[in-house]
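None of the figures in this text is laboratory data; all of them are computed from the coordinates on show. Just so it is clear, the model here is predicted, and its values are computed rather than measured. Methodologically, a virtual Cβ is constructed for each residue, glycine included, from the backbone with ideal geometry; neighbour enumeration extends over all protein chains shown.
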Amino acid sequence: MSAPDPRRAFSPDDAADLLRVAHAAVQLAYAPYSKVRVGAALVGADGQVYTGCNVENASYGLTICAERSAVCRAVAAGERKFKSIAIATDRPQALMPCGACRQVLAEFGLELTVIAQGQQSGIVQVTLAELLPRAFSPGDLR
């Protein structure tokens with residue numbers, strides 16, 4: 001058996017606990033158009049958890065994803081460093097963050113652990129760097 005990947009700092013129990021919070025946030029989603037409900041639970045550096053859910057809009061471009069909703073909530077609370085984000089959905093399969101969410105999350109660090117689960121899927125755990133290789137970052141503006 002290989003050594004655990006140090007980039008994936010969350011144990012299966014910790015991941016399951018965080019996913020329970022994300023699954024609860026799914027219930028709050030406003031998704032009358034796509035019918036795809038997503039919840040997120042973002043863990044700050046101090047362990048505080050910030051939840052978010054998708055909020056759709058008839059003008060589709062104004063829809064906000066659960067991940068960005070959680071980031072906005074955390075930033076509004078003063079948090080700037082994150083350990084992990086759990087993403088849950090009412091769909092059978094796990095859903096990964098969209099491109100816009102990947103870029104917003106990358107603003108705060110590519111080492112972020114992303115944990116995802118659908119209603120009938122196992123737990124998927126990857127790093128943001130794996131989801132967004134060669135990301136545009138704040139360092140590119142210098």
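Name the pairs whose Cβ atoms lie under 9 Å apart, with the first residue in region 24-53 and in contact (Cβ under 8 Å) with a residue 24 or more places away in the chain and surrounded by 15 or more Cβ atoms within 10 Å (Cβ to Cβ), the second of a type in the set (Asp, Glu) and assigned to a helix (DSSP H, G or I), and 6 or more positions between them or separate chains?
Going by the 9 Å Cβ cut-off, the qualifying pairs are VAL38/GLU67; ALA40/GLU67; LEU42/GLU67; GLY52/GLU67.
Just to check your reading of the model, which residue among ALA88, ALA94, ALA58 is outside any loop (DSSP other than H, G, I, E, B) and either surrounded by fewer than 19 Cβ atoms within 10 Å (Cβ to Cβ) or not aromatic (Phe, Trp, Tyr) (or both)? Let's see the steps before the verdict.
Numbers: ALA94 fails: outside any loop (DSSP other than H, G, I, E, B); ALA58 fails: outside any loop (DSSP other than H, G, I, E, B).
On inspection, the qualifying residue turns out to be ALA88.
Going by the structure shown, is PHE108 farther than 21 Å from GLU79 by Cβ and either free of Cβ contacts under 8 Å to residues at least 60 places away in the same chain or acidic (Asp, Glu) (or both)?
no
Looking at (1) over 24 Å from ASP14 (Cβ atoms); (2) out of contact with any strand residue (DSSP E or B) (no Cβ under 6 Å at 6 or more places or on another chain), find the lone condition where ARG37 falls short.
Failing condition for ARG37: (1).
Given the residues GLY139, GLY78, which is the only one that is more than 13 Å from the chain's Cα centre (by Cα), surrounded by fewer than 18 Cβ atoms within 10 Å (Cβ to Cβ) and assigned to a loop (DSSP other than H, G, I, E, B)?
Numbers: GLY139 fails: assigned to a loop (DSSP other than H, G, I, E, B).
Of the residues listed, the single one that is more than 13 Å from the chain's Cα centre (by Cα), surrounded by fewer than 18 Cβ atoms within 10 Å (Cβ to Cβ) and assigned to a loop (DSSP other than H, G, I, E, B) is GLY78.
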